[in-house]
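One structure below.
The values are calculated or read from the model by the stated rules, or taken from the named source; none is laboratory data. Treat the numbers as computed from the prediction; the structure is a model and nothing was measured. Every residue, glycine as well, gets a Cβ built from its backbone with ideal geometry; the counts of neighbours run over all protein chains shown.
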């Protein structure tokens, strides 16, 4: 079988230059072109997958636009693109449209674990711990200064300035926002949205840039963006009372406790943000590719097969994501094979 090249048209980011994985998947190449759109949180992973894929394949064109989960799903439901990237499952109100678009089931294929970083810039502070309740009060506008007693109580030995808190949030449709709000609702008092005095920014990369240049800022971004911008990140409190630093391994522990809510190869996950695992980082998202069981092209299937392979997951980890737990990865690979 001829080998084919994949051209990447992803509007993304520095992780495109991730090193080659040490394990190479056997790729069944197919000719043609594929377009997809959606989550900007997964754009770094998709970019790296496409770059890797072209090593084996040389007559295909794959493009992915990181326009945000909401815009990506709207386009997919309207018949645009071979698949959509989303950080949240299809809403119940849109499931009938998805079935009509696919002329059958639309499958949620978990493809990468993205720890959500609470990134911040507070002059003189390089280690910060926050419980879910305190995070909710910060984004709810109740805590307005970094030396608020409720923040200092969680950070003994840290000198916190009286700098005003400046929350940064996504102004566009965002699966990262959806997952962050689910975390707040599950673990604390919740908060009104958007934040009362917050700075609204479109896109993950602009979010990270806004946090980086604003003293007193705090915002939520998929971890690879915080890492690229070298932003400090919060140690987040979990249900066991431990403050856990962001790491891929700690995030994977939360995902391993998730429950699959779909059937027959459809794999939307219900995350347990209140897992009692003391080593779990509780603020995570799982990013999906959403594809039709019927009518998906051979090239799209080939590409998704690579992304779900062990080699594809190694590439994701090199791009700042956590790999899927092996049991879940195997289930995703079976679902992709059914396309």
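Which ones in region 226-240 are part of a strand (DSSP E or B) and under 19 Å from residue 207 (Cα atoms)?
233
Here is a list of conditions, (1) surrounded by fewer than 18 Cβ atoms within 10 Å (Cβ to Cβ); (2) touching a residue at least 12 places away in the same chain (Cβ under 8 Å); (3) assigned to a helix (DSSP H, G or I), and residue 96 meets all of them except one; can you say which number that is?
Result: residue 96 passes all but (2).
Within 14 Å of the chain's Cα centre (by Cα), over 16 Å from residue 296 (Cβ atoms) and surrounded by fewer than 24 Cβ atoms within 10 Å (Cβ to Cβ): does that describe residue 67?
Numbers: within 14 Å of the chain's Cα centre (by Cα): yes; over 16 Å from residue 296 (Cβ atoms): yes; surrounded by fewer than 24 Cβ atoms within 10 Å (Cβ to Cβ): yes.
Criteria met by residue 67.
Failed condition for residue 123, given (1) surrounded by fewer than 21 Cβ atoms within 10 Å (Cβ to Cβ); (2) touching a strand residue (DSSP E or B) at 6+ places or on another chain (Cβ under 9 Å), with all others met?
Of everything listed in (1) surrounded by fewer than 21 Cβ atoms within 10 Å (Cβ to Cβ); (2) touching a strand residue (DSSP E or B) at 6+ places or on another chain (Cβ under 9 Å), residue 123 misses just condition (2).
Quick check on my filter: what residues within region 234-255 are in contact with a helix residue (DSSP H, G or I) (Cβ under 8 Å, 6 or more places away or on another chain) and more than 27 Å from residue 217 (Cα to Cα)?
Within region 234-255, 255 is the sole residue that qualifies.
Among the residues of region 75-91, write down those that are out of contact with any strand residue (DSSP E or B) (no Cβ under 9 Å at 6 or more places or on another chain) and modelled with pLDDT under 95. Working first, answer last.
Start the filter on region 75-91 by keeping residues that are out of contact with any strand residue (DSSP E or B) (no Cβ under 9 Å at 6 or more places or on another chain), which leaves 78-79, 91.
Answer for region 75-91, where residues must be out of contact with any strand residue (DSSP E or B) (no Cβ under 9 Å at 6 or more places or on another chain) and modelled with pLDDT under 95: just 91.
Tell me which residues, restricted to region 262-278, are in contact with a helix residue (DSSP H, G or I) (Cβ under 6 Å, 6 or more places away or on another chain) and without any contact (Cβ under 8 Å) to a residue 40 or more places away in the chain.
275, 277 - these are the residues of region 262-278 that are in contact with a helix residue (DSSP H, G or I) (Cβ under 6 Å, 6 or more places away or on another chain) and without any contact (Cβ under 8 Å) to a residue 40 or more places away in the chain.
If residue 62 satisfies all but one of (1) in contact with a helix residue (DSSP H, G or I) (Cβ under 8 Å, 6 or more places away or on another chain); (2) in a helix (DSSP H, G or I), what's the number of the condition it fails?
(2)
If you check 202, 223, 257, which single one turns out to be over 23 Å from residue 142 (Cα atoms), modelled with pLDDT under 95 and not assigned by TED's automatic domain parsing to the domain that holds residue 138? Give the derivation first.
On the way: 202 fails: not assigned by TED's automatic domain parsing to the domain that holds residue 138; 223 fails: not assigned by TED's automatic domain parsing to the domain that holds residue 138.
Testing whether each residue is over 23 Å from residue 142 (Cα atoms), modelled with pLDDT under 95 and not assigned by TED's automatic domain parsing to the domain that holds residue 138 leaves just 257.
Out of curiosity, is residue 185 part of a helix (DSSP H, G or I), without any contact (Cβ under 8 Å) to a residue 12 or more places away in the chain and not assigned by TED's automatic domain parsing to the domain that holds residue 303? Give the steps one after another, and end with the answer.
Details: part of a helix (DSSP H, G or I): yes; without any contact (Cβ under 8 Å) to a residue 12 or more places away in the chain: yes; not assigned by TED's automatic domain parsing to the domain that holds residue 303: yes.
For residue 185, the condition - part of a helix (DSSP H, G or I), without any contact (Cβ under 8 Å) to a residue 12 or more places away in the chain and not assigned by TED's automatic domain parsing to the domain that holds residue 303 - is met.
Go through region 294-316 residue by residue and tally those that are under 21 Å from the mean Cα position of the chain (by Cα) and not in a helix (DSSP H, G or I). Give the derivation first.
Our first condition is that a residue be under 21 Å from the mean Cα position of the chain (by Cα); within region 294-316, this holds for 300, 303-316.
Restricting the remaining residues to those that are not in a helix (DSSP H, G or I) gives 309.
Selection size over region 294-316: 1.
Would region 70-79 turn up any residue that is without any contact (Cβ under 8 Å) to a residue 60 or more places away in the chain, outside any strand (DSSP E or B) and over 26 Å from residue 171 (Cα atoms)?
The answer is no; no qualifying residue exists.
Can you name every residue in region 314-326 that is surrounded by fewer than 24 Cβ atoms within 10 Å (Cβ to Cβ) and touching a residue at least 60 places away in the same chain (Cβ under 8 Å)? Break it down stepwise before answering.
Step one: filter region 314-326 for residues surrounded by fewer than 24 Cβ atoms within 10 Å (Cβ to Cβ), giving 314, 317-318, 323, 325-326.
Result: 314, 317, 318, 323, 325.
Yes or no: residue 32 modelled with pLDDT under 95 and surrounded by fewer than 18 Cβ atoms within 10 Å (Cβ to Cβ)? Break it down stepwise before answering.
On the way: modelled with pLDDT under 95: yes; surrounded by fewer than 18 Cβ atoms within 10 Å (Cβ to Cβ): yes.
Spelling it out, residue 32 is indeed modelled with pLDDT under 95 and surrounded by fewer than 18 Cβ atoms within 10 Å (Cβ to Cβ).
Given the conditions (1) under 19 Å from the mean Cα position of the chain (by Cα); (2) closer than 18 Å to residue 111 by Cβ, report the number of the one that residue 74 does not fulfil.
Result: residue 74 passes all but (2).
Take region 104-115 and flag every residue that is modelled with pLDDT of 95 or more and crowded, with 21+ Cβ neighbours inside 10 Å. Walk me through it before giving the result.
Residues of region 104-115 that are modelled with pLDDT of 95 or more, as a first pass: 104-111.
Once the filter is applied, which keeps residues that are modelled with pLDDT of 95 or more and crowded, with 21+ Cβ neighbours inside 10 Å, region 104-115 yields 106, 107, 108, 109, 110, 111.
Looking at the structure I just gave you, is residue 291 part of a strand (DSSP E or B) and either at pLDDT 95 or above or not assigned by TED's automatic domain parsing to the domain that holds residue 45 (or both)?
On the way: part of a strand (DSSP E or B): yes; either at pLDDT 95 or above or not assigned by TED's automatic domain parsing to the domain that holds residue 45 (or both): yes.
When the stated conditions are applied, residue 291 passes them.
Tally the residues that are assigned to a helix (DSSP H, G or I), touching a residue at least 40 places away in the same chain (Cβ under 8 Å) and over 23 Å from the mean Cα position of the chain (by Cα), restricting the search to region 135-168.
Looking only at region 135-168, we keep the residues that are assigned to a helix (DSSP H, G or I), and these are 135-139, 149-152.
Within this subset, residues satisfying the condition of being touching a residue at least 40 places away in the same chain (Cβ under 8 Å) are 135-139.
Filter again for over 23 Å from the mean Cα position of the chain (by Cα), leaving 137.
Total meeting the criteria: 1.
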